[in-house]
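Everything on this sheet refers to the single structure shown next.
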Amino acid sequence: MSFAIPAPAQSTVAVVGGDPFPVRRIYCVGRNYAAHAREMGHDPDREPPFFFTKPADAVVPTDSVVPYPAATADYHHEIEMVVALKGGGRDIPVEKALELVYGYAVGLDMTRRDIQAQAKKMGRPWDMAKGFDQSAPCAPIVPVAQSGHPDKGAVWLKVNGELRQQGDLSDLIWSVAETISYLSGLVELFPGDLIFSGTPEGVGAVVKGDKLQGHVDGLPDINITIG
C-alpha cells in the first residue's frame, strides 16, 4: 500500500530473549495505589479505576537520556509495572484476563505536574500533562513464561541513588486482571497494547542531570538520565 507521506515508524519495546514488541496503544491507570491516591488528595477506597493514555511513540528505551520537557517547571517521576498484551477483546471476564498478557516490564509515567494541576483546576484534559514526547520510558519486557504473573514484590525508584518511591505490587487497589477486565468494558483491547498499572507513593520532581533507577522485583530495572 502506498501513502501520501512516508508511514511513521512502528514504536517497539525490547523483549528479553525475543523479538521487539510492537506498541499499539498505551493506557495508564490513575491512582491505583492507596498511599499515592492519598498523597494526591483522593479517597482510594476501591473507587472505580480511571484511565488516561500516552501516544505509542512516547516510549523510550532504558539507558536513554530523556530531555527535560518544554513548558514545565515541575517534572515528576512515577514508577510502574507495565503489562504488555498479546490478545484483546471487549468485556473480558476477570478470570480470563491474564490469558491476554504477553509479559511484564518496568516503566515510568513521566508527568508535567504543573500542567496537570492547572488542568485539574480548570476541568480540562490531562493530555499535555501525561502524553507528551518521551513520557513513557520502558525497560525490556519479560514474557510470562519467564516472569509468571507478578502479584507481589517490591516496587521502588531511586533518584541519584536516593530512594524516592517505595511500594509493593500487593498494594495495587485494582489487580492486573481486574484492570484489564474493567478497561475492556470501555474500549476494545488489542495485541500490542501496554497498560501502566499505577504508581506507589513518593512521586516528586526531577531536574536536569538526575539519574533515575526504577525497579520491580523479578523484572529488569529501568535507568534513565534527565538531559
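Observations on the model:
- Residues satisfying the stated conditions in the range 64-88, i.e. on the phi < 0 side of the Ramachandran plot and not in a strand (DSSP E or B): PRO67, TYR68, PRO69, ALA70, THR72, ALA73, ASP74, GLU78, LYS86, GLY87, GLY88
- Residues considered: ASP91, ASP114, ASP57. Of these, the only one that is assigned to a loop (DSSP other than H, G, I, E, B), of a type in the set (D, E, K, R) and at pLDDT 95 or above is ASP91.
- The set of residues in the range 134-163 being surrounded by fewer than 17 Cβ atoms within 10 Å (Cβ to Cβ) and either of a type in the set (A, V, I, L, M) or touching a Leu at 6+ places or on another chain (Cβ under 8 Å) (or both) consists of ALA145, HIS149, ASP151, LYS152, GLY153, ALA154, LEU163.
- In this entry, LEU169 is excluded by the filter for residues that are farther than 12 Å from ILE79 by Cα and open to solvent by less than 50 Å² (accessible area, probe 1.4 Å).
- Elements of the type strands (runs of 3 or more DSSP E) sitting completely within the range 149-227 and holding at least 2 residues that are over 23 Å from ALA70 (Cα atoms): these cover 154-159, 162-168, 194-196, 211-216.
- Cβ-Cβ under 7 Å pairs, at least 6 apart or on other chains, the range 6-23 side in contact (Cβ under 8 Å) with a residue 40 or more places away in the chain and under 18 Å from ASP57 (Cβ atoms), far side charged (D, E, K, R) and open to solvent by 20 Å² or more (accessible area, probe 1.4 Å): SER11/ASP57
- Hits in the range 70-100 (condition: surrounded by fewer than 17 Cβ atoms within 10 Å (Cβ to Cβ) and touching a Lys or Arg at 6+ places or on another chain (Cβ under 8 Å)): ALA71, ASP74
- Every pair of residues 6+ apart whose Cβ atoms lie under 9 Å, when the first sits in the range 205-226 and is open to solvent by 40 Å² or more (accessible area, probe 1.4 Å) while the second is of a type in the set (Phe, Trp, Tyr): ALA205/TYR75; VAL207/TYR68; VAL207/TYR75; LYS208/TYR68; GLN213/TRP156; GLY218/TYR104
The values are calculated or read from the model by the stated rules, or taken from the named source; none is laboratory data. Owing to the predicted nature of the structure, the values given are computational and were not obtained by experimental measurement. Methodologically, a virtual Cβ is constructed for each residue, glycine included, from the backbone with ideal geometry; neighbour enumeration extends over all protein chains shown. Note: areas computed on protein heavy atoms with side chains; ligands, DNA, RNA excluded. Shrake-Rupley method; radii C 1.70, N 1.55, O 1.52, S 1.80 Å.
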